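Visitor: Would you mind keeping the following structure in view while I ask a few things?
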Amino acid sequence: MQDPLKAICDDKLERRWLWISLIMAGGMGFLLGMYALSNNLHPPSNVETIDSSRLHLTEEFAEDNLGVKENEDGSLTVTMVAARYGFFPPVVEVPTDTPVKFRVASADVLHGFHVPYTNATTMIVPGYVSEVSTSFPTAGSYSFLCNEYCGLGHDSMWSRLTVVDKSAGGDK
Ligand code: CUA
């Protein structure tokens, strides 16, 4: 049988190593594929679908309902929309040491959600609601950054997160 790699390589030993590396790469690709299939892998964080073209018609992601809401147990839920090129609402304020759950949906393409120096990071895949739960121990001014290339305005896609000291906040 003629070695198909002979067309690109004359040396027998080199061809042998080419085969070994091709088989290894193929084997790893196969394992990854089987792993994804058998574990039913989905977009990160949350498996909850939504029609990205109709966000404004949903109750949760309608423009007037975005932002910070307090839950009965004292934790917060922050609802946000990511769209080219910004996060809405553009300014979010939360207290320190309080569980915060971000629920973010994209109105158009794939975006990223990242708050530097914290563990809050996820992808915002169109058609899904992304969820990140965290809390912020340190007061200060943070940014939401988009870390998935989403178009020409990607570089300027960010908004402001202000974490205020809970004890100084007073009447919460
Ligand atoms: Cu949105 Cu990059």
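The values are calculated or read from the model by the stated rules, or taken from the named source; none is laboratory data. Because the structure is predicted, anything quoted here is derived from the model rather than measured. Note: ideal-geometry Cβ built from the backbone for every residue, glycine included; neighbour counts use all protein chains shown. For the accessible areas, the whole protein counts, side chains as well, though only heavy atoms, and no ligand, DNA or RNA atoms are used. Shrake-Rupley method; radii C 1.70, N 1.55, O 1.52, S 1.80 Å.
Visitor: Sort out the exposed loop chymotrypsin sites (Phe, Trp or Tyr not before Pro) in the chain (DSSP loop, at most 16 other Cβ within 10 Å) and tell me the longest stretch that has none.
Guide: Looking at the chain, 1-116 is the longest stretch - no exposed chymotrypsin sites (Phe, Trp or Tyr not before Pro) with at most 16 other Cβ atoms within 10 Å.
Visitor: Tell me the Kirkwood radius of the chain: reciprocal of the mean inverse pair distance over distinct alpha-carbon atoms, in Å.
Guide: Numbers: mean 1/r = 0.0528 Å⁻¹.
Result for the chain, one decimal place: 18.9 Å.
Visitor: Another question, if that's okay. Keeping every protein chain present and rolling a 1.4 Å probe, give me the accessible area per residue for the chain in Å².
Guide: 62 Å²
Visitor: With angles folded into 0 to 90 degrees, how steeply does helix 12-38 sit against the dominant principal axis of the chain? Use alpha carbons for both and round to 10.
Guide: Tilt relative to the chain: about 40 degrees.
Visitor: Could you work out the longest stretch of the chain that avoids the GluC sites (Glu not before Pro) located in DSSP loops with at most 16 other Cβ atoms within 10 Å?
Guide: 73-172
Visitor: Apply the a/c threshold of 1.5 to the C-alpha gyration tensor of region 98-162 and tell me whether it is rounded, prolate or oblate.
Guide: It comes out oblate by the Cα gyration axes.
Visitor: Let me know the charge dipole size of the chain about its Cα centre in debye, to the nearest 20, where only the beta-carbon of Lys, Arg (+1) and Asp, Glu (-1) is charged.
Guide: 620 debye
Visitor: Highest GNM mean-square fluctuation, the chain, Cα pairs closer than 10 Å: which of 108, 51, 73?
Guide: Greatest mean-square fluctuation among the candidates belongs to 73.
Visitor: Taking 7 Å along the Cα-to-C-beta vector as the label spot, tell me the residue 118-residue 91 distance in nanometres, rounded to one decimal.
Guide: The two pseudo-label positions are separated by 1.7 nm.
Visitor: Leaving ligands and nucleic acids out of the surface, order 103, 160, 84 by accessible area at 1.4 Å, largest first. Intermediate values should be presented prior to the final figure.
Guide: Numbers: 103 25, 160 80, 84 120 Å².
Greatest to least solvent exposure: 84, 160, 103.
Visitor: If I compute solvent accessible area with a 1.4 Å probe over the protein chains, what percent of it on region 76-157 is carbon and sulfur?
Guide: 57 percent
Visitor: Identify which of 37, 57, 66 has the largest mean-square fluctuation in a Gaussian network model of the chain, with springs joining Cα atoms closer than 10 Å.
Guide: Largest GNM mean-square fluctuation: 37.
Visitor: Could you tally the net charge around residue 105, taking each other residue with its Cβ under 12 Å from the Cβ of residue 105, Lys/Arg +1 and Asp/Glu -1?
Guide: -3
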